[in-house]
There are 2 protein chains.
Amino acid sequence: MSDVFLHEVGMRDGLQVEAGVVPTARKIAWIGRLLGSGVDLIQAGSFVNPKLVPQMADTDEMFRHFAAMGRPRGPRLSALVLNERGLERGLACGADYFCMGVSASETHSRKNTGMGTDEAIERMLATGRRAREAGATVQMSVQSAFGCGYEGRVPETRVLKIVDRFVTEGFHAISLADTAGHAVPPQVARLFRDIHAIDPGIVCACHFHDTYGLAMVNAWAALDAGVTYFESAFAGLGGCPFTALAGGNLCTEDFVHLLQRTGRRPDVSLEVINEVAAEAERFFRRALPGVVHRTGVIPSGRTS
Amino acid sequence: MSDVFLHEVGMRDGLQVEAGVVPTARKIAWIGRLLGSGVDLIQAGSFVNPKLVPQMADTDEMFRHFAAMGRPRGPRLSALVLNERGLERGLACGADYFCMGVSASETHSRKNTGMGTDEAIERMLATGRRAREAGATVQMSVQSAFGCGYEGRVPETRVLKIVDRFVTEGFHAISLADTAGHAVPPQVARLFRDIHAIDPGIVCACHFHDTYGLAMVNAWAALDAGVTYFESAFAGLGGCPFTALAGGNLCTEDFVHLLQRTGRRPDVSLEVINEVAAEAERFFRRALPGVVHRTGVIPSGRTS
């Protein structure tokens with residue numbers, strides 16, 4: 001089986017919340033290693049305001065670097081954009097895979113973008129159409145899809161309505177993000193089942209945070225519900241170190257280890273991912289959340 | 001629903017591997033708090049050689065303390081014993097719930113007890129019969145039931161054979177322990193299904209370690225497979241700090257939080273468990289593995 005698609009987001013969703021800014025040369029080295037690890041897509045950065053997110057200020061330079069290398073094979077690089085300005089910056093430096101999204105929580109949407117969800121959807125759709133016209137791949141995400149740190153419960157009807165709008169507009173690659181870490185397995189199973197019922201052609205990704213220790217069990221529930229596209233971060237990076245209520249991403253090496261123990265993705269090199277995770281621990285000078293980069297893999301291989 | 005039985009093992013399986021020995025008065029205070037938390041059973045210590053495990057040297061004193069208090073209601077206290085000598089010590093100080101077991105891994109069994117699995121089974125059955133004659137409750141466990149750090153894969157037939165022997169001898173309370181942390185969800189589901197097929201009267205407990213980040217997903221798989229008796233440790237305590245290859249127990253507060261978010265065990269006070277976990281962090285002066293004692297619970301309650 002190699003039916004699981006892996007989107008490594010640590011270089012963006014991980015590094016953007018770290019107080020220490022990783023130098024560009026080191027980022028390029030880490031991405032270079034990850035490109036050879038066997039994962040399918042690597043989020044290299046975000047085209048956002050460098051004054052607000054200095055950790056991502058060198059995203060243009062990195063994309064130019066990898067575009068100049070001209071890689072005909074291997075995984076692609078994705079970037080996060082929040083608006084058309086970011087998209088134009090991305091297109092100008094050779095990016096061709098854009099992730100963009102809206103929050104299903106009205107409060108989270110307003111805090112994040114200054115717009116309510118409905119207005120944000122229209123803006124994102126316009127940005128997505130422009131990216132598509134330029135020949136780029138577009139992934140639309142629904143943030144706070146499983147709950148919101150401000151509002152608490154987010155009705156599933158809100159999520160389904162947004163997904164339906166994306167699909168109607170021809171965007172079939174959709175990611176559901178558990179921004180607040182509130183998801184629980186039965187909810188994950190139900191929501192993905194309902195989304196697949198909207199249109200079996202949807203390629204649905206999941207993006208879990210480990211705020212309450214549930215990223216792995218939710219990812220497994222998503223896999224069980226037929227989801228085959230996973231977003232995760234090496235070392236379990238992510239989550240603001242200044243608040244107790246943000247948690248890291250699903251940890252790539254821990255998740256891949258589980259996949260390999262159950263017969264999936266034997267082609268991915270955990271050794272490479274573990275090395276990058278260990279380097280990140282040395283760089284940030286603290287223990288990062290994931291475990292398999294410290295324990296190593298179980299030597300006995302597949303068990304079931 | 002209140003169908004899930006919770007056995008808190010942090011005071012034994014957690015504290016026994018910490019370099020710092022918790023003073024008896026503090027242990028008594030922590031157990032006192034846990035007695036009021038709503039969990040169903042608390043493992044207070046082990047009757048083992050105090051020279052080999054100084055962290056448990058005061059187990060007799062603690063049982064005497066709580067026996068003298070005479071608690072007609074509330075959760076019971078359990079103790080681990082490895083042999084008849086330990087059992088006699090336990091009976092002498094008022095213990096009446098004994099956990100004992102054998103390893104399904106021949107190598108692990110020899111390293112742990114100096115006996116192979118078959119010999120260890122006979123010794124444990126003799127100890128169990130003696131405990132039962134004395135009117136005590138007995139739980140038999142199978143250690144390394146999902147894999148072994150020395151041997152790797154442990155054939156399920158070995159586990160089933162041991163369980164069958166326990167049941168034949170009238171011991172129906174059985175715990176499967178993932179000592180090495182090797183379990184994966186499909187294996188968990190299959191093994192518990194096969195065990196329930198031996199005898200539907202078996203009360204099967206599960207005991208997962210988080211060595212490879214899979215304790216929660218395995219516990220959820222066990223719940224899904226009909227297991228209703230869970231062993232866990234507050235703060236995710238457990239696992240030797242001197243080796244990378246031992247991991248803590250399933251974290252009680254993280255697991256109870258998931259249970260409550262899915263409508264189970266609303267009677268358990270996470271506030272109390274979180275307080276004990278936070279005290280343990282202060283005592284050991286380091287961040288312990290669990291998360292919910294730091295994040296607190298999601299205020300919005302049940303989501304599914």
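Summary table below
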{"read-out": "Among (1) surrounded by fewer than 21 Cβ atoms within 10 Å (Cβ to Cβ); (2) within 11 Å of chain B (Cβ to nearest Cβ); (3) touching a residue at least 40 places away in the same chain (Cβ under 8 Å), the one test that A:Glu156 misses", "value": "(3)"}
{"read-out": "Conditions (1) more than 10 Å from A:Ala145 (Cβ to Cβ); (2) among the β-branched types (Val, Ile, Thr); (3) away from chain B (no Cβ under 14 Å); number of the one not met by A:Ile162", "value": "(1)"}
{"read-out": "B:Ala131 crowded, with 17+ Cβ neighbours inside 10 Å and either among the basic types (Lys, Arg) or in contact (Cβ under 8 Å) with a residue 24 or more places away in the chain (or both)", "value": "yes"}
{"read-out": "Condition met for B:Ala67 (out of contact with any helix residue (DSSP H, G or I) (no Cβ under 7 Å at 6 or more places or on another chain) and surrounded by 14 or more Cβ atoms within 10 Å (Cβ to Cβ))", "value": "yes"}
{"read-out": "Elements of type helices (runs of 4 or more DSSP H) in the range A:204-284, at least 2 residues being among the β-branched types (Val, Ile, Thr) and under 18 Å from the mean Cα position of the chain (by Cα)", "value": "A:252-261, A:270-284"}
{"read-out": "Leading residue by the ranking (nearest to the chain's Cα centre (by Cα)) among those in the range A:2-26 that are surrounded by fewer than 22 Cβ atoms within 10 Å (Cβ to Cβ) and closer than 19 Å to A:Gly74 by Cα", "value": "A:Phe5"}
{"read-out": "The range A:127-182, residues that are of a type in the set (D, E, K, R) and under 14 Å from the mean Cα position of the chain (by Cα)", "value": "A:Asp178"}
{"read-out": "Selection from the range B:104-119 of residues that are in contact with a Lys or Arg (Cβ under 9 Å, 6 or more places away or on another chain) and of a type outside the set (D, E, K, R)", "value": "B:Ala104, B:Ser105, B:Thr113, B:Met115, B:Gly116, B:Thr117"}
{"read-out": "Any hit, the range B:39-52, residues being part of a helix (DSSP H, G or I) and in contact with a helix residue (DSSP H, G or I) (Cβ under 9 Å, 6 or more places away or on another chain)", "value": "no"}
{"read-out": "Selection count, the range A:165-179, where residues are of a type in the set (A, V, I, L, M, F, W, C) and either out of contact with any Ser or Thr (no Cβ under 8 Å at 6 or more places or on another chain) or within 14 Å of another protein chain (Cβ to nearest Cβ) (or both)", "value": "3"}
{"read-out": "Test result for B:Ala120, hydrophobic (A, V, I, L, M, F, W, C) and surrounded by fewer than 17 Cβ atoms within 10 Å (Cβ to Cβ)", "value": "no"}
{"read-out": "Any hit, the range A:272-289, residues being basic (Lys, Arg) and under 18 Å from B:Cys148 (Cα atoms)", "value": "no"}
{"read-out": "Residue check for A:Leu6: without any contact (Cβ under 8 Å) to a residue 60 or more places away in the chain and not acidic (Asp, Glu)", "value": "no"}
{"read-out": "Qualifying positions in the range B:100-143 - of a type in the set (S, T, N, Q) and closer than 19 Å to B:Val53 by Cβ", "value": "B:Ser103, B:Ser109, B:Asn112, B:Thr113, B:Thr127, B:Ser141, B:Gln143"}
{"read-out": "Selection from the range B:180-203 of residues that are under 19 Å from B:Lys161 (Cβ atoms), within 14 Å of another protein chain (Cβ to nearest Cβ), in a helix (DSSP H, G or I) and not acidic (Asp, Glu)", "value": "B:Gln187, B:Val188, B:Arg190, B:Leu191, B:Phe192, B:Arg193"}
{"read-out": "Number of the exception - A:Asp224 against (1) at pLDDT 95 or above; (2) surrounded by fewer than 17 Cβ atoms within 10 Å (Cβ to Cβ); (3) away from chain B (no Cβ under 14 Å)", "value": "(3)"}
{"read-out": "The range B:269-304, subset touching a strand residue (DSSP E or B) at 6+ places or on another chain (Cβ under 7 Å) and either modelled with pLDDT of 90 or more or on the phi > 0 side of the Ramachandran plot (or both), residue nearest to the other protein chains (Cβ to nearest Cβ)", "value": "B:Gly290"}
{"read-out": "Scan of the range B:140-172 for residues that are acidic (Asp, Glu) and at pLDDT below 95, ordered by number", "value": "B:Glu151"}
{"read-out": "Residue in the range A:168-176 that is among the polar types (S, T, N, Q) and either under 23 Å from B:Trp220 (Cα atoms) or touching an Asp or Glu at 6+ places or on another chain (Cβ under 6 Å) (or both) present", "value": "no"}
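The values are calculated or read from the model by the stated rules, or taken from the named source; none is laboratory data. In this text the structure is predicted, and so the values were computed from the model without any measurement. Virtual Cβ from ideal backbone geometry, glycine too; neighbours counted across all protein chains shown.
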